[in-house]
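The values are calculated or read from the model by the stated rules, or taken from the named source; none is laboratory data. This is a predicted model, so every value here is computed, not measured. All Cβ positions, even for glycine, are placed from backbone atoms using ideal geometry, and neighbour counts span all protein chains on display.
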Amino acid sequence: LYDKRLILETSMRMPFLIRYPRLIRPGSVNKELCINVDIAPTLLELAGVEVPEAMQGRSMVSLLKGQEVVDWRKSQFYTYWGIPAHYGVRTGRFTYLKIPGHPPELFDREEDPEQLYNVAGRASYRDAISDLEVELKRQVQEVGIEATALPGHSKP
């Protein structure tokens, strides 16, 4: 949860197992994009404790109950300042990765679950890259990081 180091599936995909028979059907599986900051609000809600408004993340309790959450996130923002410094965004289908000083990378996890082939240079993915760039900028603003604070950027 703390230091996964890369936005690719082998680092990002992590099982989260929880047992709570009063609310969660045994054997149920959630396919929504959940992130580490969703764990604390989830556990607080399950414990009957009010989730502080300032806390990042969202409770997964409705998802764990098997309910559809219409406004659940459709993407995840990721940044890492170590080596290699990089940032990007993941959706249900795509992983979009930016390493400063290198061309962006795009992986289509539906076509290439192992993320072996960068498809960023393919014309058929131009619209996806454009959409992911917009989503990446939105996520940066939502998280409250100045663009100049992202890996590879510096203030003038």
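When the residues of region 75-110 are narrowed to those that are part of a strand (DSSP E or B) and among the aliphatic types (A, V, I, L, M), which ends up nearest to GLU32 (Cα to Cα)?
Looking at residues that are part of a strand (DSSP E or B) and among the aliphatic types (A, V, I, L, M), I get VAL89.
Only one of (1) of a type in the set (A, V, I, L, M); (2) out of contact with any Pro (no Cβ under 8 Å at 6 or more places or on another chain); (3) within 22 Å of ASP131 (Cβ to Cβ) is not met by ALA120, so which one is it?
Condition (2) is where ALA120 drops out.
Filtering region 71-80 down to residues that are surrounded by 13 or more Cβ atoms within 10 Å (Cβ to Cβ) and free of Cβ contacts under 8 Å to residues at least 60 places away in the same chain, which residue is farthest from GLU142 (Cα to Cα)?
Here is the first cut: in region 71-80, the residues surrounded by 13 or more Cβ atoms within 10 Å (Cβ to Cβ) are 72-73, 75-80.
Then drop every residue that is not free of Cβ contacts under 8 Å to residues at least 60 places away in the same chain, which leaves 72-73.
Working: TRP72: 15, ARG73: 12 Å.
Of everything passing the filter in region 71-80, TRP72 is farthest from GLU142 (Cα to Cα).
If you take the residues of region 81-133 that are surrounded by 14 or more Cβ atoms within 10 Å (Cβ to Cβ) and β-branched (Val, Ile, Thr), which of them is nearest to GLU9 (Cα to Cα)?
THR95
Within region 36-67, restricting attention to residues that are in a helix (DSSP H, G or I) and either of a type in the set (S, T, N, Q) or outside the structural domain of SER11 (by TED's automatic domain parsing) (or both), which residue is surrounded by the most Cβ atoms within 10 Å (Cβ to Cβ)?
First, the residues of region 36-67 that are in a helix (DSSP H, G or I): 36-46, 61-64.
Then keep just the ones that are either of a type in the set (S, T, N, Q) or outside the structural domain of SER11 (by TED's automatic domain parsing) (or both); that gives 36, 42, 62.
Details: ASN36: 13, THR42: 22, SER62: 16.
The extreme case among them is THR42.
Looking for whichever is at pLDDT below 95, farther than 23 Å from LEU136 by Cβ, in a loop (DSSP other than H, G, I, E, B) and basic (Lys, Arg) here; the options are ARG22, ARG5. Which one fits?
ARG22
The rows are residues; the columns are (1) without any contact (Cβ under 8 Å) to a residue 24 or more places away in the chain; (2) within 30 Å of PRO104 (Cα to Cα); (3) in contact with a helix residue (DSSP H, G or I) (Cβ under 6 Å, 6 or more places away or on another chain).
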{"position": "ILE7", "(1), (2), (3)": "no, yes, no"}
{"position": "PRO21", "(1), (2), (3)": "yes, no, no"}
{"position": "PRO26", "(1), (2), (3)": "yes, no, no"}
{"position": "CYS34", "(1), (2), (3)": "no, yes, no"}
{"position": "GLN56", "(1), (2), (3)": "yes, yes, yes"}
{"position": "SER59", "(1), (2), (3)": "yes, no, yes"}
{"position": "LEU63", "(1), (2), (3)": "no, no, no"}
{"position": "GLU68", "(1), (2), (3)": "yes, no, no"}
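Tell me, please, whether a residue that is at pLDDT 90 or above, assigned by TED's automatic domain parsing to the domain that holds ARG109 and of a type in the set (Lys, Arg) can be found in region 79-91.
Yes: region 79-91 contains one or more residues that are at pLDDT 90 or above, assigned by TED's automatic domain parsing to the domain that holds ARG109 and of a type in the set (Lys, Arg).
Just a yes or no: is a residue in region 58-70 at pLDDT 90 or above and within 20 Å of GLN141 (Cβ to Cβ)?
Of all residues in region 58-70, those at pLDDT 90 or above come to 58-70.
Retained after the next criterion (residues that are within 20 Å of GLN141 (Cβ to Cβ)): 58.
Checking region 58-70: at least one residue is at pLDDT 90 or above and within 20 Å of GLN141 (Cβ to Cβ).
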